[in-house]
Amino acid sequence: MILHPAVIALVIGSALVCLMILTASFFACRIAASWDPQSGSEKQIGLEKKTYLVSMLVAYAFGFQILSFFLFIYTADDLHGLFAGAMCGAGTLNVNRYGYPSLTVKAAAFILAGLWLIMNHADSLGRDYPLTRAKYLFLLLLAPLVLADVFFEGAFFVNLKADVITSCCGSLFSSGETASKGSLSAVADLPVGPLKCAFYGSGLLTLVSGTLFLLGFRRLGVFFSASSSAFFMASAAAFVSFLCLYFYELPTHHCPFCILQGDYHSIGYLLYGALFGGAVSGLGVGLLAPFGRVKSLAASLPPLQKRLSAMSLILYFIFIAIVAWQMLHTDFVLDP
């Protein structure tokens, strides 16, 4: 393993997160089996006292889990100079078979950890903590993902060998006839026309449904959440397929990692942060929708959902504004 400060921080941090989540999972099993807010028994009172501490520990753990996604990407990009053939984080992640699975798991953990934090905050707004059982059941579903994250991340860093010759992003994200078999060129090869329709169409649906939801059409909450999710997926694919070309001003450079480097003012971190943050906020609106009939949340849940929808729209607007600015202020023209 390469003893880099960021690598050590990620490994130790992930191990601590895993330990806290496993400990909280045992407590979650007790919550699932015995939680009864209507009971005044000594056992119930004990569970209520412990849930404050456990929820706080899990919140800190998932907070680090979210930050570790960006730290992992930064570390992969920072280490690329150690490997022959690597020009950015894409090459580093290709050094062994655990790199890209680790990135995928971390991306999923980012979104689901953010949703758990939203549910935890909503639970604290009710006087009787009505979402306690639901959020701990959700935690039990997240625990295997945290374990997978620790496994893939640890395996990736342990198997990093500086004498390995890896592939550059040009071959990994190449398109057309130059794409190598088994490379990551599938997204770059997606047809631009339909992808543009999906990108602009889902963006328009998200904007309209989000605006209407803010104006008081509460029944559109789930639809806004679904359209927000669709826009996230369409944007991720569109960025690799054609949007990033306007930043690189090269018709064949589809790498989503080079934009994180200083040559492009590290704008990728802001783009990805806005995109992932918008997705989490938008999905949070739909996640809370089934709990709208809970009496203790009747007054506090709608304002929270509106704040989440507003945050999602703002973050998506930041993403779109940066991309649009680059598209309008470059001499590069994408062939139809």
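Couple of notes before you dig in:
- Count of segment 230-251 residues which are touching a Ser or Thr at 6+ places or on another chain (Cβ under 7 Å) and touching a residue at least 60 places away in the same chain (Cβ under 8 Å): 3
- Members of segment 32-48 found to be part of a helix (DSSP H, G or I) and at pLDDT below 75, listed by number: none
- Test: ASP128 is modelled with pLDDT under 90, surrounded by fewer than 18 Cβ atoms within 10 Å (Cβ to Cβ), within 30 Å of LEU47 (Cα to Cα) and assigned by TED's automatic domain parsing to the domain that holds ILE8: yes
- Count - residues of segment 250-268 that are of a type in the set (Gly, Ala, Ser) and either crowded, with 23+ Cβ neighbours inside 10 Å or assigned to a helix (DSSP H, G or I) (or both): 2
- Matching residues, segment 98-123, being more than 18 Å from GLY286 (Cα to Cα), surrounded by fewer than 19 Cβ atoms within 10 Å (Cβ to Cβ) and not aliphatic (A, V, I, L, M): TYR100, PRO101, THR104
- Selection of segment 286-323 for residues being surrounded by fewer than 13 Cβ atoms within 10 Å (Cβ to Cβ) and either over 18 Å from LEU212 (Cα atoms) or touching a Gly at 6+ places or on another chain (Cβ under 8 Å) (or both) yields PRO290, ARG293, LYS295, ALA298, ALA299, ALA321.
- Considering ILE2, ILE45, the condition of being over 21 Å from ALA143 (Cα atoms), without any contact (Cβ under 8 Å) to a residue 60 or more places away in the chain and more than 17 Å from the chain's Cα centre (by Cα) is satisfied by ILE45 alone.
- The residue list SER312, SER296, SER266 contains one member that is at positive phi, in the same structural domain as GLY216 (by TED's automatic domain parsing) and of a type outside the set (Lys, Arg), which is SER266.
- Filter result for LEU145 (under 17 Å from the mean Cα position of the chain (by Cα), touching a residue at least 12 places away in the same chain (Cβ under 8 Å), surrounded by fewer than 20 Cβ atoms within 10 Å (Cβ to Cβ) and not assigned by TED's automatic domain parsing to the domain that holds GLY282): yes
- Within segment 94-146, the set of residues being assigned to a loop (DSSP other than H, G, I, E, B) and over 18 Å from GLU48 (Cβ atoms) comprises ASN94, VAL95, ASN96, ARG97, TYR98.
- Each residue in segment 206-240 was checked for being surrounded by fewer than 19 Cβ atoms within 10 Å (Cβ to Cβ) and over 21 Å from the mean Cα position of the chain (by Cα), and 9 pass.
The values are calculated or read from the model by the stated rules, or taken from the named source; none is laboratory data. None of these values were measured; they are calculated from a predicted model. Please note: Cβ atoms are built from the backbone with ideal geometry, for glycine as well, and neighbour counts cover all protein chains shown.
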